[in-house]
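Just so it is clear, none of the values below were taken in a lab; they were calculated from the coordinates. Keep in mind that this is a model prediction, so the values were computed, not measured. Positions of Cβ are generated from backbone atoms using ideal geometry, with glycine treated the same way; all protein chains shown enter the neighbour counts.
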Amino acid sequence: MSDNKASAEDNLIARYFAPLATDPGALGLKDDAAFIKPPSGCELVLKADAVVSGIHFFADDAPDTIAGKALRINLSDLASKGAKPLGLLLTLALPKDIGEDWLAAFAQGLREDIATYKCPLFGGDTVRSPGPVMVSVAMFGSVPDGMMVRRSTAKPGDKVFVSGSIGDSALGLGLRNGATWQLTDAQREHLSHRYLLPLPRTSLAETVLHYASAAMDVSDGLAGDLAKLCRVSGVAATIDASRVPLSAAAKAVIAADPAAFETAITGGDDYEILCTVAPAKVDRFRVAAMAAKVAVTEIGTIGEGEGTVFRDGQGAPLSFKRNSFSHF
Ligand SMILES: [Mg+2]
């Protein structure tokens, strides 16, 4: 039997999500599918990343920050490929106890980030979850034909750069888990906020597109992600650990607890851009990054061979208990 009455799911979509589907190709979320046309001369860049309650965020995090995190980790990947966001699909798996207040706050966070990052909704799905909340985002971006920046194309002699600052999020998670570092309220707030809501370097995408020889975003820790980039590029890297950019808050933690340096560079959730730049392009890369208002720091050099080594200020190699964060 069917009738003309809208289902509860249709009402939910109409109220909270249809207003976010501003692209004509989304058809107001009223069709079975949507369509998207990349700008002429461009290829689509595809990415999907999900977050799960209890693993990537805390169940009692504000719903708007959960929406923000789910979107931003995908935006970070697109930026590291030199891509401009075009839109996204969203799948929500929600347990029974999630009420309309939660959903309204979630949609509000989504709305703000969709506006900020100009990345409208094209569709998705909502399903009942017998377990925790899961938010899955599939995101589409565009790059000029053949220009997506890869991980596998770093060359010996290239300089290694990283954006922003490293380790804030891992240390913020440490605070969330009860670490008792002596910090000012502002430092505490800085670290906690970097964990809660990443700041994807979308404004660096064009600089990466034009000047980077290889790039990826730092999501599982600088040390481990650099090792991945070197492995697929078939190269080695030497990093000066004393040049890894740290925020004032992270410096304060590490000054009091030197072991926290390892957490900072292996802990993950940075969502900064790690890239390599050929020596002849370094000056132009720096100028373009400055124009994009994103700090970039040269931390080392790519060489022949394999493996990555971090050296301290005196040149002695550092060793880490683990290279990167893994959920498995
Ligand atoms: Mg990534």
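Can you tell me which residue among Val309, Val232 is surrounded by fewer than 21 Cβ atoms within 10 Å (Cβ to Cβ), of a type outside the set (S, T, N, Q) and in a strand (DSSP E or B)? Spell out how you get there, then give the answer.
Values: Val232 fails: in a strand (DSSP E or B).
After ruling out the rest, the residue left standing is Val309.
Select from region 126-143 the residues that are in contact with a Pro (Cβ under 6 Å, 6 or more places away or on another chain) and outside any strand (DSSP E or B) and list them in ascending order.
Step one: of region 126-143, the residues in contact with a Pro (Cβ under 6 Å, 6 or more places away or on another chain) are 129, 141-142.
The one that is in contact with a Pro (Cβ under 6 Å, 6 or more places away or on another chain) and outside any strand (DSSP E or B): Ser129.
Hey, any hits in region 1-11 for a residue that's outside any strand (DSSP E or B) and surrounded by 14 or more Cβ atoms within 10 Å (Cβ to Cβ)?
Taking region 1-11 and keeping what is outside any strand (DSSP E or B), we get 1-11.
Restricting the remaining residues to those that are surrounded by 14 or more Cβ atoms within 10 Å (Cβ to Cβ) gives none.
No, every residue in region 1-11 fails to be outside any strand (DSSP E or B) and surrounded by 14 or more Cβ atoms within 10 Å (Cβ to Cβ).
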Residues that are part of a strand (DSSP E or B) and more than 16 Å from the ligand (Cβ to nearest atom), drawn from region 37-55:
Cys42, Glu43, Leu44, Val52, Ser53
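Within region 63-77, take every residue that is within 16 Å of the ligand (Cβ to nearest atom) and small (Gly, Ala, Ser) and give me the one that is farthest from the chain's Cα centre (by Cα). Outline the logic, then answer.
Step one: filter region 63-77 for residues within 16 Å of the ligand (Cβ to nearest atom), giving 69-77.
Restricting the remaining residues to those that are small (Gly, Ala, Ser) gives 70, 76.
On the way: Ala70: 9, Ser76: 4 Å.
Top of the filtered list is Ala70.
Let me confirm something: among Ala107, Ala79, which residue is part of a helix (DSSP H, G or I), touching a Leu at 6+ places or on another chain (Cβ under 9 Å) and closer than 16 Å to Thr22 by Cβ? Don't jump to the end; show me each part of the working.
Working: Ala79 fails: closer than 16 Å to Thr22 by Cβ.
Only one candidate passes the filter, namely Ala107.
Given the criterion at positive phi and in a strand (DSSP E or B), identify the matching residue among Gly123, Gly157. First the steps, then the outcome.
Working: Gly157 fails: in a strand (DSSP E or B).
Going through Gly123, Gly157 in turn, the sole match is Gly123.
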Which numbered condition trips up Thr180, out of (1) within 15 Å of the ligand (Cβ to nearest atom); (2) surrounded by fewer than 19 Cβ atoms within 10 Å (Cβ to Cβ); (3) not in a helix (DSSP H, G or I)?
(1)
When the residues of region 139-162 are narrowed to those that are in contact with a Ser or Thr (Cβ under 8 Å, 6 or more places away or on another chain) and not β-branched (Val, Ile, Thr), which ends up surrounded by the fewest Cβ atoms within 10 Å (Cβ to Cβ)?
Ser152
Please state which of the following conditions Ala186 fails to meet, knowing it meets all the rest: (1) away from the ligand (no atom under 16 Å from the Cβ); (2) assigned to a loop (DSSP other than H, G, I, E, B); (3) farther than 22 Å from Ile73 by Cα.
(2)
Return a yes/no flag: does region 111-127 have any residue that is under 29 Å from Tyr211 (Cβ atoms), surrounded by fewer than 16 Cβ atoms within 10 Å (Cβ to Cβ) and touching a Ser or Thr at 6+ places or on another chain (Cβ under 6 Å).
no
Matching residues, region 295-306, being within 18 Å of Asp225 (Cβ to Cβ) and assigned to a loop (DSSP other than H, G, I, E, B):
Glu306
Mind listing just one residue for me: the one in region 191-229 that is within 11 Å of the chain's Cα centre (by Cα) and in a strand (DSSP E or B) and, of those, farthest from the ligand (Cβ to nearest atom)?
Val218
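Hey, among Ala67, Ala14, Ala18, which residue is touching a helix residue (DSSP H, G or I) at 6+ places or on another chain (Cβ under 6 Å) and free of Cβ contacts under 8 Å to residues at least 24 places away in the same chain? Spell out the reasoning first.
On the way: Ala67 fails: free of Cβ contacts under 8 Å to residues at least 24 places away in the same chain; Ala14 fails: touching a helix residue (DSSP H, G or I) at 6+ places or on another chain (Cβ under 6 Å).
That would be Ala18, the only listed residue that is touching a helix residue (DSSP H, G or I) at 6+ places or on another chain (Cβ under 6 Å) and free of Cβ contacts under 8 Å to residues at least 24 places away in the same chain.
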